[in-house]
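First comes the structure, then the notes that go with it.
The values are calculated or read from the model by the stated rules, or taken from the named source; none is laboratory data. Because the structure is predicted, anything quoted here is derived from the model rather than measured. Note that each Cβ is placed from the backbone with ideal geometry, even for glycine, and that neighbours are counted across all protein chains shown. For the accessible areas, the whole protein counts, side chains as well, though only heavy atoms, and no ligand, DNA or RNA atoms are used. Shrake-Rupley method; radii C 1.70, N 1.55, O 1.52, S 1.80 Å.
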Amino acid sequence: MPVRAKICGLSTGPTLAAAVRHGASHVGFVFFARSPRNVAPDQAAALAVQVPDGVARVGVFVDPEEGFLASAIAAGQLGVVQLHGEETPERAAAIRARYGVEVWKAVPVKRRVDLAAASAYAGAVDRILYDAKTPAAADLPGGMGLRFDWRLLEGFAHPLPWALSGGLDAANAAEAVGISGARLLDVSSGVESAPGVKDVDKIAGFLQSIAQL
Ligand SMILES: O=C(O)c1ccccc1N[C@@H]1O[C@H](COP(=O)(O)O)[C@@H](O)[C@H]1O
């Protein structure tokens with residue numbers, strides 16, 4: 001099975017089109033006001049109609065308020081809700097049941113012991129997203145282009161389907177797959193020319209770099 005990729009933080013038609021054209025399996029929209037990639041539900045609605053069947057629309061949220069979550073899921077025609085906050089397994093499971101979406105939970109990783117947090121979400125979510133832990137003082141819980149030591153995943157008994165994110169780019173994607181064994185990669189900063197500015201050539205380069213893996 002080929003390695004798949006989610007291109008996250010898309011906010012323009014041309015960059016979304018590049019992600020689709022070059023083979024992304026998932027496209028991501030960030031619904032978090034502090035992010036340079038933040039999109040409003042009406043922006044997401046305009047982008048969502050450009051996404052063909054077979055490419056999943058993912059919404060990224062951080063401890064979302066219920067009404068906002070409902071409107072973003074509807075507007076973005078989201079198939080997946082990716083949670084990056086302090087959401088408990090119970091909250092994640094409730095989102096999955098209420099909206100009939102796939103739910104992914106980000107688990108921030110710096111040390112091997114951090115991986116243990118994943119098991120609490122077995123039965124509650126569909127996928128764990130191992131992401132680099134951002135500094136406590138950082139404004140964002142993700143999307144900072146930081147990576148963790150992928151060797152921490154070597155030999156780990158994954159309790160759930162999973163994906164890898166954090167500091168990925170075209171130059172390191174093959175190494176990340178080789179070390180971690182990931183079959184789904186999630187990238188944002190690594191396909192940008194500046195925070196929040198996606199680059200069509202970098203999107204193409206990233207997807208080409210994993211095409212033969
Ligand atoms: O991208 C953001 O701005 C963001 C904001 C809040 C939570 C998560 C966010 N992004 C996610 O972070 C990871 C890693 O991104 P990067 O490749 O290291 O920039 C990825 O899952 C993004 O979807």
Q: Return a whole-number percent for the relative contact order of the chain, with Cα pairs under 8 Å and 6 or more residues apart as the contact set.
A: 21 percent
(Q) Binning at 5 angstrom from zero up to the longest distance, how are the C-alpha pair distances of the stretch 81-139 distributed in percent? (A) 4, 20, 30, 23, 14, 8, 2
Q: Sum -39500 (n - 2.57) across every DSSP H segment of at least 4 residues in the chain, then divide by the residue count to get the 222 nm mean residue ellipticity, nearest 500.
A: -8000 deg cm²/dmol
Q) Taking all protein chains as present, what is the carbon and sulfur share of the accessible area of the chain, in % to the nearest whole number, probe 1.4 Å? A) 54 percent
Q. Which whole-Hz ³J(HN,Hα) couplings does the stretch 131-148 yield from phi under the Karplus relation 6.51 cos²θ - 1.76 cosθ + 1.60, θ = phi - 60°, glycine and proline marked x?
A. 10, 5, 6, 8, x, 4, 7, 5, 7, 10, x, x, x, 10, x, 8, 10, 10
Q. Taking amide H positions as placed 1.01 Å from N in the peptide plane, with prolines and chain starts having none, which residues 5 or more places from Q50, or on another chain, fall under 5 Å of its amide H?
A. none
Q: Would you kindly state how much longer the chain becomes between D42 and T88 on full extension, computed as 0.36 nm times their sequence separation minus their alpha carbon distance, in nm to one decimal?
A: 13.7 nm
Q | Heavy-atom surface of the chain, accessible at 1.4 Å and reported per residue (Å²) | A | 43 Å²
Q) Measuring from centroid to centroid over Cα atoms, what is the spacing of the stretch 141-213 and the stretch 27-84 in Å? A) 20 Å
Q | Paramagnetic reach from N172 in the stretch 109-139 [backbone N under 15 Å; point 7 Å along Cα→Cβ] | A | 109-111, 130-135
**Q.** Whole-Hz ³J(HN,Hα) from phi, Karplus 6.51 cos²θ - 1.76 cosθ + 1.60, for the stretch 2-13, glycine and proline x
**A.** x, 6, 9, 9, 9, 9, 10, x, 7, 9, 10, x
Q) How many lysine pairs are close in the chain, with Cα atoms under 14 Å apart and the two 8 or more places apart or on different chains? A) 4
Q | Positive minus negative residues near V3 (Lys, Arg vs Asp, Glu; Cβ under 13 Å) | A | +1
Q.
Explain nothing, just compute: Karplus ³J(HN,Hα) = 6.51 cos²θ - 1.76 cosθ + 1.60, θ = phi - 60°, for every residue of the stretch 92-108 in order, whole Hz, x for Gly and Pro.
A. 5, 5, 5, 5, 4, 5, 5, 9, x, 9, 6, 10, 10, 10, 6, 10, x
**Q.** Residues whose placed amide H lies under 5 Å from that of A5, excluding near-sequence neighbours
**A.** S25, H26, L185
Q) What is the local net charge at G190, summed over the other residues whose Cβ is closer than 15 Å to its Cβ (Lys, Arg +1; Asp, Glu -1)? A) -2
(Q) Need the full-extension length gain, R183 to Q77, defined as separation in residues times 0.36 nm minus the C-alpha distance. One decimal, nm. (A) 35.7 nm
